[in-house]
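A short worksheet on the structure shown next.
The values are calculated or read from the model by the stated rules, or taken from the named source; none is laboratory data. Not measured: the values here are computed from a predicted model. Methodologically, a virtual Cβ is constructed for each residue, glycine included, from the backbone with ideal geometry; neighbour enumeration extends over all protein chains shown.
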Amino acid sequence: MPDNKDFLDQFSNEGKPASFEEEERVPVQKEKKPLNVKAIVIAAAVLLLIGIASYFLFLAPKIVMPDFEGKTRNDVGAWVKQQGIDSSGIIFDSIYDFDNEEGMIISQSIKAGKKVRKNVKLNFTESKGPDPDEEIAIPDLDSMSKEDIQEWIASNKLLKTKISTSYNENVEENTVIDYSFTGCEADSFTRGCNLKINISKGAAPAGTVTVEDFEKKPFATVEAWAKSKKIELNVVEQYSDKIEKDNVISQSISSGKTMKEGETLTVVVSRGKAVYMEQMIGWDKEKVTSWCAKNSLAFKLKEIYSDQPEGVCISQSIPKGKLLSDDDYLEATVSLGNYVKIGDYYNRPYHTVNGVEGLHEFKDAQNDKGADISTSKSHEFDDVVPAGYVISNDREVEVGGTLHVVISKGKNILLEDLPITDADGNVTETLRWSDLASGASGMNEEKARKLCGEDVNFIIDYVNNGGTNGQVVYAVRSDGGALAAGVYLPQDVTVTIIINDNSR
């Protein structure tokens, strides 16, 4: 193995130069040059200038913020597009402002003249105009001139208050004829309410009008012409066999002649053929109806029982020979005969039920027409017809006679005790009518309902007598009869069951 010796120790001392042991190592230090302060300062200044130049070239805001107050969001949009600004940072808020019109910008979050970047965040507040819900006091409009009203409208910025003008001979020029509110009243008037004010232009100036030929033409034609030409009309109505109703028979100023606006034209208008009232007594109902329709006579038919044949007119409110007018109204009375015909009311109610008319109400309605019939009633049990419904009735009764009707008492129920069985058919308990009547121990509402079943007419009432909650106290029949097995209970008799309820 090689010896771990220094590279020079491998050689013998004899082989080493004599000067080897005499050598001495001396460290050599380089001479330090002095710092050049001036060069350092110049370099730092250059770097600073480069940084400042880079900031202004690449980082400093360059876009000058305009003054948008008094302008609109369209102006902002055009500026944003022109400068390439990110529109996501542009926000608009709206408020009511009396001093600025709707859509005008009131303020901006960055003052005009300041420079901004393209990603700037800007908030603008724009006006919604005056508050439409602000209440405005209504002055005495009737005493104000048109100029005063216009000044009031302008000073309060009432955009929905309008002035219209029209000629009026009775109201002085430039003063109020009338006014109307829409959507509010004077005591609740706001800027958003509609108010229309009609101002007089005074009397209309008279012009010259050429009269047209209106004879045999509809009155509506001359009426429209007169309105458009500011001509007053005097209308005289007259019967005519030749000129149709509502057409012009003659006019006071001939066709082609002239008249001034505001003057009066008299026209004679046809009322059609003169119609005189006929003697209708003895006519049948159909003839009365047909004659009235043909002659445009308003009428009403009244039907009553009498000794005259059915369907014959027995009286009239307008006497024979009277010249009829548009205002006349005829009431004609027609006989229903001397017998009341009655439908079959089997299994229908005697008294009206759930909107279904009963026989009793039918009888009363006929008596209102002079039938003067009375009713004879009898009652029978019936397993099909419910209690209070008709089993049979007369189908025809002479005026002043008697209508006989048989009314059902419903089923006649034989009361039987009710055995309760288990799944095997064994009787586990028997519900007894006598226990229900006396309120025996163990008789509760559930058992009472089972015992009554579907046929018995019963009602339940609750009291607090301090006993067992839910226990039957007692039960009674509305007719005072007994409640026990083997006793009959008419279906129209009600059983009242009293049950203890400690919560009351």
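For region 420-460, the set of residues classified as touching a helix residue (DSSP H, G or I) at 6+ places or on another chain (Cβ under 7 Å) and among the small types (Gly, Ala, Ser) consists of ALA448 only.
Sub-9 Å Cβ pairs linking a first residue in region 149-161 that is closer than 15 Å to ALA186 by Cβ to a second residue that is modelled with pLDDT of 90 or more and part of a helix (DSSP H, G or I), at least 6 apart or interchain, are ILE149/LEU141; TRP152/LEU141; LEU158/TRP152; THR161/ILE149; THR161/TRP152; THR161/ILE153, ordered by first then second residue. Report yes if some residue within region 123-137 is of a type in the set (A, V, I, L, M, F, W, C), part of a loop (DSSP other than H, G, I, E, B) and within 30 Å of SER87 (Cα to Cα); otherwise report no. Checked against the condition, which is being of a type in the set (A, V, I, L, M, F, W, C), part of a loop (DSSP other than H, G, I, E, B) and within 30 Å of SER87 (Cα to Cα), region 123-137 yields no hits at all. If the condition is being more than 26 Å from LEU159 (Cβ to Cβ) and within 40 Å of the chain's Cα centre (by Cα), then region 69-128 contributes only ILE91.
Quick check on region 325-368: of everything there that is loosely packed, with under 13 Cβ neighbours inside 10 Å and among the hydrophobic types (A, V, I, L, M, F, W, C), which residue is farthest from the chain's Cα centre (by Cα)? Top of the filtered list is ALA365.
In region 308-324, the qualifying residues are those that are within 11 Å of ILE281 (Cα to Cα) and part of a strand (DSSP E or B), and the one that is nearest to the chain's Cα centre (by Cα) is GLN316. Return the residues of region 235-268 that are assigned to a strand (DSSP E or B) and under 46 Å from the mean Cα position of the chain (by Cα); say none if nothing qualifies. Across region 235-268, the qualifying residues are VAL235, ASN247.
Scanning region 378-397 for residues that are surrounded by 14 or more Cβ atoms within 10 Å (Cβ to Cβ) and not hydrophobic (A, V, I, L, M, F, W, C), we see that the one that is nearest to ASN457 (Cα to Cα) is PRO386.
Looking only at region 134-171, residues that are exposed (fewer than 10 other Cβ atoms within 10 Å of the Cβ) and at pLDDT below 90 come to 2 in all. Quick one: is ASP327 without any contact (Cβ under 8 Å) to a residue 40 or more places away in the chain, assigned to a loop (DSSP other than H, G, I, E, B) and over 26 Å from LYS300 (Cβ atoms)? So ASP327 fails the test.
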